[in-house]
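Input: a single structure, listed below in structure tokens.
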Amino acid sequence: MGLTGLEIYKQLPKKNCGECGTPTCLAFAMALAAGKGALETCPYVTDEARENLASASAPPIKAIKFGNESVLGDETVLFRHDKTFYHPTTLLIKVSDKLTDSEIEAKVQEIEGLEFDRVGLHYSIDGIAVVNESSDQDRFSQVVEKVASATSRSLMVLSENPDALKAAVPGIASRKPLIGPATFENYEAVVNFAKEQKVPVILKADGLDALNELVESAQKLGYKEFVLDPGSRSTSQTLANLTHLRRLAIKKKYRPFGYPVIAFTGKNEPLDEIAEASVYVAKYASAIVLKTSIKAHILPLMALRQNLYTDPQKPIQVEPTLHVIGDVNENSPVYVTTNFSLTYYSVEGEVESSKIPSYILPIDTDGTSVLTAYAAGKFEPEKIADALAASGVAEKVNHRNLIIPGAVAVISGKLQEKSSWKVVVGPRESSGIISFVRTMQG
Amino acid sequence: MPITLVKEKYQSKVGQVIIGATPDQGGTRTKVIVAGGDSALPFLHFEGKVENRPVIAMEVTDIIPPWNDVIKEQFGDVLDNPIAWAKKCVEEYNADMIYLKLIGANPDGENRSPEDCARIVKEVLGAVGVPLVVVGCEDSDKDNEVMAAVAEAAAGENLLIGLAEQDNYKSITAAAMVHKHNVIARSPLDINICKQLNILISEMGLPLNRIVIDPMIGGLGYGIEYAYSIMERARLGALANDKMLSMPMICTVGYEANRAKEANALAEEFPGWGELQDRSILWETLTATALLQVGASILLMRNPAAVRLVQQNIADLMEANA
Ligand code: B12
Ligand code: SF4
């Protein structure tokens, strides 16, 4: 976060010696504030000043990294329209150590299968949270080890018993699990252990006042790799807590709450659980621990997460070059669409399912949908004709039939004229493509 | 030491729209729906009053809908009978309102006459006690005729009727004014067009508390993020006292969510996506729950199983929080 020149100046030695390359400390401070130069070029800054400047310029919510490239936090806004959300909610599935070995195997196998492809994107589940519900320390260690060896995803290791953590974590410390929870009862042991193992730790307390106290106490142990759990498990209170924490971190730069927040679902019925989790994806959870691991349940939640975490300034796009679907030949149909990834992949999916090898030419419309592009003058006959000529598809097929989206039927005459291809108006919805192309091919 | 939470104080609140009228109000409804009125961001009870819980209007069409079997099977044999269908939505699924779509009027389809459409509306009004949301067949010229007839036939019932759009708002607004109904003002995910349309409608003389905003959402996976952000901005605008953005918002959740392939494709076609049954239900559910977080007041939904989940989600979120 940017500091003003004056704020930086206050921390400088004020010797005005010029050794940093600028004549005065104030000029140096202004340069730093503008992102030019480095603090290190002043030989006289005190350690204290360095520390102050680093923490004042730190992001409002610390980035916590764990496991297999999971990043929590490091968000800067309350509303995605203010800029964007950066680090999609990390989704983990709970595995209890109360399950039998075969149940665990089945569960982990199901979790491992949580990989999805849709509209050209790949979604995968982030990790597994092993929870000590058996109150049997040895069993917990066994299960942690078992799960760890069955997955390369991020791991969370959860027990309120410090001894159970001490037994289970060292064997997998190199995987950098997120551990916890540290509570008022156990925090010294758990936080010190996390520090020693160099793994991040969850701080859990009931309510925000208690959490505040716990964070401040835990920080005194000289460790800052924290993830916060405000303890609520009901939808409404969790929404409130997540909102309070995010607001205090962003609007007030309240340091004790400048950490990512984790939510645990309260619902047990899986469909209700996903509806509950959708609230936390929308409103500020950095991570969520879920119980259900059924594909049909996880895919919708992952789609929501992907949607809300796309940058509002940059729609996802595909290369506006000729795309080849299947084993094409000189009779292959040629489709034209836009380079908005959603539009393109809706079409590609259907063309693929038609089992007729084809060419698809996405026009560069700055990543907008067919009608948005048309309305904005980005899907004009001239432009399409030029792109068609430039694509070289004319040399690849021996017909001159160009299939266009039904939604822009009105451009067919002009496009025909400009391109001298025969323009065939396709269906409005991509779902109509299969039957359309089959009848077209006779 | 207790921490000081950030509780926003807003200048204004979301406008309130009343739909339906009881006998002493000149209609025949057994209850009315009040939409909007909140003085906080959605469900943040700690900083303002969440005046009215969001409501669900279940979709009923006057022709058999081309929906997938996951949805159709739940309804059994009522889908060819809007009256029985509407009754089922209210009695079995606790729909707050009925969203009646007069698709049969479409000139490319059954081309039903405005009089027939009005008769269907009257019959549905006779069958259920909840308020009605009524829209036409997506052919603007025909809709102007149909909705004029509907508005007249249902005078006094205080319907919510649509659709008023930027290039076609006059005749529906006039019908609503003459026969005392509310209007859905639809704009394509654009704050400025939304405000402009509300200005045009109110300049004709329809009071602001008779307008509901339809921001033209996208469904889950298909552009919901645009709707999400436009709606969030509109809600913030309403709270900041922008009168032309202050109306409650209505979302075509069932329609948009169920256009998605993910809501329709069988597991045999896409094994990677899991079973259709729950996937389809959740596709509609999450389209609704996400938009509830940015201020949706009226959800237009289809799938009874999704309706049940969203009702639960709303009930959970209406619990007080601090
Ligand atoms: C989201 C959206 C936006 C987003 C942009 C999203 C994006 N990246 O494109 C934003 C908010 C930025 C936007 C802006 C505008 N929009 Co806009 N927008 C929409 C909305 C709601 C959804 C579009 C969408 O994403 N559809 C999903 C994609 C997948 O659909 P699609 O590209 O059409 O593809 C489908 C089919 O066409 C078919 N298909 C695609 N390619 C092909 C190819 C072949 C060969 C075949 C057979 C089929 C096929 O398959 C797909 C799936 O069925 C629509 C309304 C609606 N509900 O449709 C309005 C809409 C497209 N927008 C519209 C307008 C007017 C605009 C603006 C000009 C004005 C405004 N509203 O602000 C601006 C232009 C911005 C600019 N200068 O670029 C109008 C267009 C009117 C018209 N008929 O010309 C629409 C229809 C709304 C309306 N009813 O007024 N918009
Ligand atoms: S080197 Fe340090 S002390 Fe000297 S002018 Fe630069 S900032 Fe000031």
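The values are calculated or read from the model by the stated rules, or taken from the named source; none is laboratory data. Since the structure is predicted, the reported quantities are computational estimates derived from the model, not experimental observations. We place every Cβ from the backbone using ideal geometry, glycine too, and count neighbours over all the protein chains shown. For accessibility, only protein heavy atoms count, side chains too; no ligands or nucleic acids. Shrake-Rupley method; radii C 1.70, N 1.55, O 1.52, S 1.80 Å.
How much length, in nm to one decimal, is gained on full extension between A:Tyr309 and A:Glu115, taken as 0.36 nm per residue of separation minus their Cα-Cα distance?
Between A:Tyr309 and A:Glu115, full extension yields 68.0 nm more.
With only Cα atoms counted, the protein assembly as shown has Rg and Dmax values of 28.8, 90 Å. The B-A contact accounts for roughly 4400 square angstrom of buried accessible surface, both chains included, probe 1.4 angstrom. Summing +1 for each Lys or Arg and -1 for each Asp or Glu among the other residues whose beta-carbon sits under 9 angstrom from that of A:Ile61 gives 0. Computed over protein heavy atoms with a 1.4 Å probe, the accessible surface of region A:219-328 works out to 30 Å² per residue. Over all distinct Cα-Cα pairs of chain B, the Kirkwood formula returns a hydrodynamic radius of 19.8 Å.
Return the inverse of the average 1/r over all pairs of distinct C-alpha atoms in region A:48-158, which is the Kirkwood hydrodynamic radius, in Å to one decimal.
Numbers: mean 1/r = 0.0608 Å⁻¹.
It is 16.5 Å.
For chain A, take the longest principal axis of its alpha carbons; what is the angle in degrees between that and the long axis of helix A:270-282, to the nearest 10 within 0 to 90? The angle comes out at about 80 degrees.
Chain A gives an Rg/Rh value of 1.09, both radii derived from C-alpha positions and Rh following Kirkwood.
Once the partner protein chains are put back, region A:216-236 shows a loss of at least 10 square angstrom of accessible area, versus the chain by itself, at A:Ser234, A:Thr235, A:Ser236 (probe 1.4 Å, ligands and nucleic acids excluded). Accessible area per residue for region A:61-141 is 41 Å², calculated with a 1.4 Å probe on protein heavy atoms, without ligands, DNA or RNA. Determine the sum of side-chain charges near B:Glu51: Lys and Arg each +1, Asp and Glu each -1, restricted to other residues whose C-beta is under 11 angstrom from that of B:Glu51. Net of charged neighbours comes to +2. If R0 is taken as 45 Å, the Cβ-Cβ distance between A:Thr76 and A:Arg400 corresponds to a FRET efficiency of 0.30.
The aspartates and glutamates within cross-link reach of A:Lys251, meaning a Cα-to-Cα straight distance under 17 Å and a gap of 8 or more places when in the same chain, are A:Asp74, A:Glu75, A:Asp82, B:Glu8, B:Glu47.
Probe radius 1.4 Å, ligands and nucleic acids ignored: give me the carbon and sulfur share of the accessible area of region A:1-50 as a rounded percent.
Working: 1820 of 3170 Å².
Reported share for carbon and sulfur atoms: 57 percent.
Give me the number: length gained by fully extending A:Ser57 to A:Asp206, i.e. 0.36 nm times residue separation minus the C-alpha to C-alpha distance, one decimal in nm. The partial results should precede the final answer.
Values: separation 149, 0.36 × 149 = 53.64 nm, distance 3.01 nm.
In short, 50.6 nm is gained.
Taking the Cα centroid of region A:181-253 and of region B:1-58, what is the distance between the two, rounded to the nearest whole Å? A separation of 34 Å, based on Cα centres.
Over the alpha-carbon set of region A:63-309, divide Rg by the Kirkwood Rh and report the Rg/Rh ratio to two decimals. Kindly include the intermediate steps, with their values, before the conclusion.
On the way: Rg = 16.9 Å, Rh = 18.0 Å.
With Rh from the inverse mean 1/r over Cα pairs, Rg/Rh is 0.94.
If I compute solvent accessible area with a 1.4 Å probe over the protein chains, what percent of it on region A:63-309 is carbon and sulfur? Using a 1.4 Å probe with all protein chains present, region A:63-309 comes out at 47 percent carbon and sulfur.
Please report, as a whole percent, how much of the solvent-accessible surface of region B:130-227 comes from carbon and sulfur atoms (probe radius 1.4 Å).
Details: 1680 of 3390 Å².
For region B:130-227, the apolar C and S fraction of the accessible surface comes to 49 percent.
Taking the Kirkwood radius as Rh and the Cα radius of gyration as Rg, region A:143-203 has a ratio of Rg/Rh equal to 0.94. Axis angle, to the nearest 10 degrees, between helix A:235-251 and the longest C-alpha principal axis of chain A: 80 degrees. Computed over chain A, the per-residue total of -39500 (n - 2.57) for DSSP H runs of n ≥ 4 gives a 222 nm mean residue ellipticity of -11500 deg cm²/dmol, rounded to 500. Measuring between their Cα centroids, region A:299-344 and region A:384-442 lie 18 Å from each other.
At a probe radius of 1.4 angstrom, the accessible area of region B:57-132 per residue rounds to 40 square angstrom.
Cβ under 13 Å from A:Ser102's Cβ, A:Ser102 left aside: what net charge do those residues give with Lys, Arg +1 and Asp, Glu -1?
Numbers: positive: A:Lys107, A:Lys146; negative: A:Asp101, A:Glu103, A:Glu105, A:Glu110.
Overall, the nearby charge balance is -2.
Given R0 = 35 Å, the distance between the Cβ atoms of B:Ala84 and B:Asn209 translates into a calculated FRET efficiency of 0.55. Rg and Dmax over the alpha-carbon atoms of region A:323-441 stand at 12.8, 35 Å. What's log10 of I(q)/I(0) for region A:5-57 at q = 0.24, 0.30 Å⁻¹, Debye sum over Cα points only, no solvent? Per q value, in the given order, log10 I(q)/I(0) is -0.87, -1.43. Exceedance of the 27 Å cut-off in Cα-Cα distance is limited, within the set A:Lys283/B:Lys101; B:Lys101/B:Lys261; A:Lys383/B:Lys195; A:Lys94/A:Lys252; B:Lys170/B:Lys243, to A:Lys283/B:Lys101; A:Lys383/B:Lys195; A:Lys94/A:Lys252.
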